[in-house]
Each structure stands twice: as C-alpha cells, then as structure tokens.
C-alpha cells in the first residue's frame, strides 16, 4: 500500500511539473514586476491555470519576439512596440490598451535631493554639486527610461545630469540603482514604488504628466498564443485584475 501511495504521489508531482513546463510564457514590461505577479497568482487561484512570467524592457522583449521567442502574450509599456509587432505579422491583432503609467522621482535615505521639490530639487542638488549618480532606465529600449529622459529635458536638466547617469537595463533595475549605495536617486515607474517590497526603502514624489509623452501601455497575443494565454489576456480586462492594476497606480482604460 505504501508503495502504491508513493507511486501515486510521484505521478502527481510529475504531472504538476509537466503542466508547469507547458504553461504559456507571458512577457511583460518591468514596471509590471509586482502587479503582474499578483494578477498571475489571482488568475491561478480563480481558474486553476498557470502562466509563466518573464519581465524586461519592452524594446528587448519586442526584439526577442521578432527573433522567434516562444512568448504567447506581451504586455508592453509602450503601445508603439505592439504596433511594430503587429505590422511585422507576429501578433493576432493590434491588441488592447491596459494602462497608462506614471513616473516618480525616487531617492534613498539621506539623499541630498529632496523629493518634495520634484525637478526643482534635482536642479538645486545639481547646482550644489551634490549629484554624482542618478539612475534611469536605458531610453534606447525602455519606455520608462525615455519618459525620464523627456522629463529631464523638459525641466532643462538633461545636459547637466547626463554625465552622472547610471542606466538600468530596464526600469526595475533602474529602481535598484536609484537606491544603491553612492546613488542620489533616480526616475522610475510609480508602480514599483507602491509595491510592499519597496516600502521604507526610499522616498518618492509623483512627477507631472506634462513633462513627458503619455506612457500608453498595450497588451497583445502573439500568433503562438494558446487557450491559456487567451484566458489570461481576457482576465487582464476583468475587475479583479483591474483592481490590482489600480492599486499599483496605473490609470486604466475607461477611467
């Protein structure tokens, strides 16, 4: 009897491992690091179906999909990347908008940049020669990095701060750099600083939307998408997922 029970348990574990390996790959922009993990957990609890998550900069994920990556669903921080994939024949359609993102000034404890002053606080610290390291995501392929660059240009700070920039491969890495030793701060995604894991690690202030182009975020199913990825795509538009996104500071379609 014990052997039968053990054999049955081994069989169940093997089936679970196989199901996990077959779970569709959902790629998302790094600003979704915490929100998307919660949504995937809620999807699993509500539907008994799983997705695998991969996070990175939207530009890099786009190139990977173009090169044949087995991604079944893509949540981009910039709708332009989704349109590019659609025009290249890599997606089912042009997708759906799922959020508009915001950026914040994030500073570690003891930073000479006071977050309450926003861009003026960066200006004052620069003028005093107190900024040596400042983090943003790489504007070349990360939408939040491009928004940070636009905000700094709008405020007339780009030329002064660019020699002091530390570029993250994506906005999640930029947030790590902003809080690292020797850094005075950075400009990162609002959704990241609202995560419980980030509480108490630094101070932040929301930056005006007028400083940069809107971060219109769009999701899409690729031509590889199967039924579970399609179900997750639909789930992203339901109240449970929308409430999680709202909690992480995103502006949602229709609101």
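Before moving on, here are some points about what is shown:
- The set of residues from region 183-234 being farther than 30 Å from residue 107 by Cα and either over 18 Å from the mean Cα position of the chain (by Cα) or at pLDDT below 95 (or both) comprises 222, 223, 224, 225, 226, 227, 228, 229, 230, 231, 234.
- Of the strands (runs of 3 or more DSSP E) lying entirely inside region 182-255, those containing at least 1 residues that are farther than 21 Å from residue 57 by Cα are 203-206.
- Taking residues in region 42-53 that are without any contact (Cβ under 8 Å) to a residue 24 or more places away in the chain, and partners anywhere that are surrounded by 17 or more Cβ atoms within 10 Å (Cβ to Cβ), the pairs with Cβ atoms closer than 6 Å and at least 6 places apart or on different chains are 44/50.
- Spans of strands (runs of 3 or more DSSP E) in region 40-125 with at least 2 residues at pLDDT 95 or above and under 15 Å from residue 232 (Cα atoms): 52-56, 71-76, 96-101
- Residues that are within 15 Å of residue 99 (Cα to Cα) and surrounded by fewer than 18 Cβ atoms within 10 Å (Cβ to Cβ), drawn from region 226-250: 234, 237, 238, 239, 240, 243, 246, 247
- Taking region 72-85 as the range and being touching a strand residue (DSSP E or B) at 6+ places or on another chain (Cβ under 6 Å) and closer than 13 Å to residue 29 by Cα as the test, the residues that pass are 73, 74, 75, 76, 77, 79, 82.
- Single unsatisfied condition, residue 232 versus (1) in contact (Cβ under 8 Å) with a residue 40 or more places away in the chain; (2) in contact with a strand residue (DSSP E or B) (Cβ under 9 Å, 6 or more places away or on another chain); (3) in the same structural domain as residue 137 (by TED's automatic domain parsing): (3)
- Among the residues of region 129-155, those identified as over 19 Å from the mean Cα position of the chain (by Cα) and under 14 Å from residue 113 (Cβ atoms) are 129, 130, 131, 132, 133, 134, 152, 155.
- Screening residue 172 against (1) touching a helix residue (DSSP H, G or I) at 6+ places or on another chain (Cβ under 8 Å); (2) surrounded by fewer than 17 Cβ atoms within 10 Å (Cβ to Cβ); (3) closer than 30 Å to residue 237 by Cβ leaves a single unmet condition, (2).
- Pairing each residue of region 183-196 that is outside the structural domain of residue 163 (by TED's automatic domain parsing) and touching a residue at least 40 places away in the same chain (Cβ under 8 Å) with any residue that is buried (at least 24 other Cβ atoms within 10 Å of the Cβ) and in a strand (DSSP E or B), provided the two are 6+ apart or on different chains, yields no C-beta distance under 7 Å.
- Residue count, region 53-64 (criterion: surrounded by fewer than 23 Cβ atoms within 10 Å (Cβ to Cβ) and either touching a strand residue (DSSP E or B) at 6+ places or on another chain (Cβ under 6 Å) or under 18 Å from residue 167 (Cβ atoms) (or both)): 6
The values are calculated or read from the model by the stated rules, or taken from the named source; none is laboratory data. None of the values given here were measured: they were computed from a predicted structure. Cβ coordinates were reconstructed from backbone atoms using ideal geometry, including for glycine residues, and neighbour counts include every protein chain displayed.
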